[in-house]
Amino acid sequence: MEKKEIVNSRAYRLVAPEKFEEVILQHSIDNNQVVVQPSLASICHADTRYYTGQRRKEALQSKLPMALFHEGIGHVVKSKDNSFDIGQRVVIVPNISARLLKDNTINDKPSSNMRVVKDNYLPGSVFLGSGYDGIGQQYLVLPRENVIAIPNDVPDEIAVLAELTSVSLHAANNVSDYFNDGKVAVFGDGPVGYLTAATLHHAFDIPKENLLVFGAVDERLAHFDFATTYLVQDFNFREEENVVAVIECTGGGFSKNAINQAIDLIEPQGKITLMGVSEEHVPLNTRDVLEKGLTIYGSSRSTAEEFKKLMNAFQSQPYQHTLEKLLPDQNEIIRNAEDLDESMNKATKNKEWGKILLSFEWG
C-alpha cells in the first residue's frame with residue numbers, strides 16, 4: 001500500500017470561549033487535493049459567537065476545539081491536480097461536500113432517477129470553522145473543487161469577500177425568476193444586507209428604483225447609494241406596491257420583525273428568501289402566508305458554482321468600488337495565538353459597520 005503524504009499544519013484552535021491554543025494538526029494528501037496556505041481571512045459573526053461562547057452549550061461542546069474562520073483566500077503550496085500552479089492565489093470554498101469525503105473521491109454520481117441535493121444541503125458535508133478545523137491554520141488540504149483561482153485583476157481584499165457574497169448570490173438565485181416582474185426588497189443594513197443588495201445591483205442589474213433596502217440605522221443605510229433605502233420604523237409595509245421578491249438578511253432578535261414586515265410588504269404569490277440565522281424559533285404570520293400564497297425559501301451557505309460566477313463578476317470595477325466600502329483601513333496582523341486573541345477581542349467590541357480582515361504571517 002502506498003504511504004500517504006502528510007503535511008503538518010500549525011493551527012490556532014479555539015479550545016474554550018476566549019481561549020486559543022496553538023497546536024500542530026496532521027493532514028494527509030490524496031489524489032485530486034490541493035494544499036493551500038491561508039493568507040487573508042475575514043471575521044464572520046459566526047466566528048465571534050463561537051469566540052464569546054454565545055452558541056448553545058451543546059453546540060460548543062460538540063464543535064470545540066476547532067480552528068475558526070470560513071471566509072478566506074490563500075495561495076497554492078502543493079497540488080495533486082494540474083489545474084493549479086504553485087503560488088497561485090485562490091479563494092477557499094468552505095463547504096466540503098459529502099460526496100467528496102467518501103474515500104476522497106469525486107465519483108459518487110447520482111443516478112438519473114435520484115433526487116439531486118445541492119452540495120450545501122447534503123447531509124454529511126462539512127464546513128470549515130463549524131465543527132471542522134477552519135482557515136485559522138497554516139495549511140489546508142482541500143478537494144480541488146474547493147479551490148477557485150482568483151483573476152489577476154481582483155485584489156486580495158475584494159476576493160476575501162467572495163464567501164459571504166456567494167451566500168448572497170445563492171439566496172438571490174432562489175427568487176431571481178421574479179426580478180423582471182417588479183421590485184425587490186432587502187431587509188438588513190449590515191454587511192450581509194449590503195453584499196446582498198450589491199449583488200442584486202451589480203450581478204443582476206436591478207436598478208436603484210427597483211431595489212429597496214430596509215434598515216434601522218440611517219448611517220448604515222447611507223452606504224447603499226445604489227438602492228432606494230428606508231428606515232423600518234418609518235415605513236408602512238402594507239402600502240408599498242409591486243414588491244415581488246424579498247431577501248431577509250437580519251437574523252437574531254430582528255428576524256421576527258423583518259420576516260413579518262416582508263410578509264406584509266410582498267405581493268400575492270411573491271417569493272421570500274430567509275438568510276438571517278436565529279438561535280431561537282421565530283413566529284411567522286402564517287395567515288397572510290397562506291392567503292397570499294407566498295413561497296418562503298431557506299438559504300444557507302453556497303456551492304463552488306457561486307464562487308466561480310463571482311470571480312468573473314468581481315472583475316467589474318464598479319462592483320469593486322461598491323465592495324470597497326466594507327474594507328477596513330488596515331488589516332489585523334496575525335503571527336501567533338496571542339495576536340489572534342487580541343483581534344477577536346477587538347472584533348467582539350467592534351461597532352464599526354464594515355468587516356475585520358486578518359492577515360496571516362506564518363514565518
Q. With Cβ to Cβ distances under 12 Å as the rule, what net charge do the other residues near P155 carry (K, R +1; D, E -1)?
A. -3
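Summing Lys, Arg as +1 and Asp, Glu as -1, what charge do residues with Cβ under 12 Å from the Cβ of S359 carry, S359 excluded?
Details: positive: R335; negative: D156, E157, E332, D339, E361.
Neighbour charge sum, excluding S359 itself: -4.
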Q: Add +1 for every Lys or Arg and -1 for every Asp or Glu among the other residues with Cβ under 15 Å from the Cβ of G129, and state the total.
A: +1
Q.
Using +1 at the C-beta of Lys and Arg and -1 at the C-beta of Asp and Glu, which of L140, L25, V217 has the Cα lying farthest in the positive direction of the dipole of the chain?
A. L25
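For the stretch 118-188, what is the convex hull volume of the alpha-carbon atoms per residue, in Å³?
Numbers: hull volume 12.5 nm³, N = 71.
Given the Cα convex hull of the stretch 118-188, per-residue volume reads 177 Å³.
Kindly work out what percent of the DSSP beta bridges joining two residues of the chain are antiparallel, to the nearest 5. It would help to have the intermediate numbers written out before the result.
Numbers: 37 of 61 bridges.
Percentage antiparallel, nearest 5: 60.
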Q: Quick one: which residues, 5+ away or cross-chain, put their amide H under 5 Å from the amide H of L68? H built at 1.01 Å from N.
A: L14, G134, G136
Q: Heavy atoms only, probe 1.4 Å: what % of the accessible area of the stretch 214-287 goes to carbon and sulfur, would you let me know?
A: 46
Q: May I ask you to give the solvent-accessible area per residue for the chain, in square angstrom, as obtained with a 1.4 angstrom probe?
A: 47
Q | Under 5 Å, built H, 5+ apart or other chain: amide partners of I296 | A | I272
Q: Leaving ligands, DNA and RNA out of it, report the carbon-plus-sulfur percent of the accessible area of the stretch 41-195 at a 1.4 Å probe.
A: 46
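Take each of the peptides 137-149, 304-316, average the number of other beta-carbon atoms within 10 Å over its residues, and list them starting from the highest. Don't skip to the end; give the middle numbers.
Working: 137-149: 21.8, 304-316: 18.6.
Descending packing order for the listed peptides: 137-149, 304-316.
Once you order the gyration tensor axes a ≥ b ≥ c over the Cα atoms, which shape class does the stretch 1-146 get: rounded for a/c under 1.5, otherwise prolate or oblate by comparing a/b with b/c? Mind dumping the intermediate values first?
On the way: a/c = 1.81, a/b = 1.24, b/c = 1.47.
Note, shape of the stretch 1-146 comes out oblate.
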(Q) Just to check I understand the Karplus step: with θ = phi - 60° and J = 6.51 cos²θ - 1.76 cosθ + 1.60, what whole-Hz values come out for the stretch 224-235, glycine and proline as x? (A) 8, 6, 9, 10, 8, 10, 9, 7, 5, 6, 10, 10
Q. How far is helix 337-349 tilted, in degrees, relative to the longest principal axis of the Cα atoms in the chain, given as a value from 0 to 90 rounded to the nearest 10?
A. 10
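For the peptides 196-208, 214-226, what is the packing order when you average, over each peptide's residues, the other Cβ atoms within 10 Å and list the highest mean first? Walk me through the intermediate numbers first.
Details: 196-208: 20.5, 214-226: 16.9.
Ranking the peptides 196-208, 214-226 by packing returns 196-208, 214-226.
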(Q) List the residues, sorted by chain then number, that are 5 or more residues from S79 or on another chain and whose placed amide H is less than 5 Å from its amide H. (A) V35
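Expressed as a whole percentage, what fraction of the accessible surface of the stretch 314-363 belongs to carbon and sulfur atoms when a 1.4 Å probe is rolled over the protein heavy atoms?
Numbers: 1160 of 2730 Å².
Here it works out to 43 percent.
The values are calculated or read from the model by the stated rules, or taken from the named source; none is laboratory data. Keep in mind the model is a prediction, meaning the values are calculated, not measured. Reconstructed Cβ throughout: ideal geometry from the backbone, glycine too, with neighbour counts over all protein chains shown. Only protein heavy atoms, including side chains, enter the accessible area calculation; ligands, DNA and RNA are left aside. Shrake-Rupley method; radii C 1.70, N 1.55, O 1.52, S 1.80 Å.
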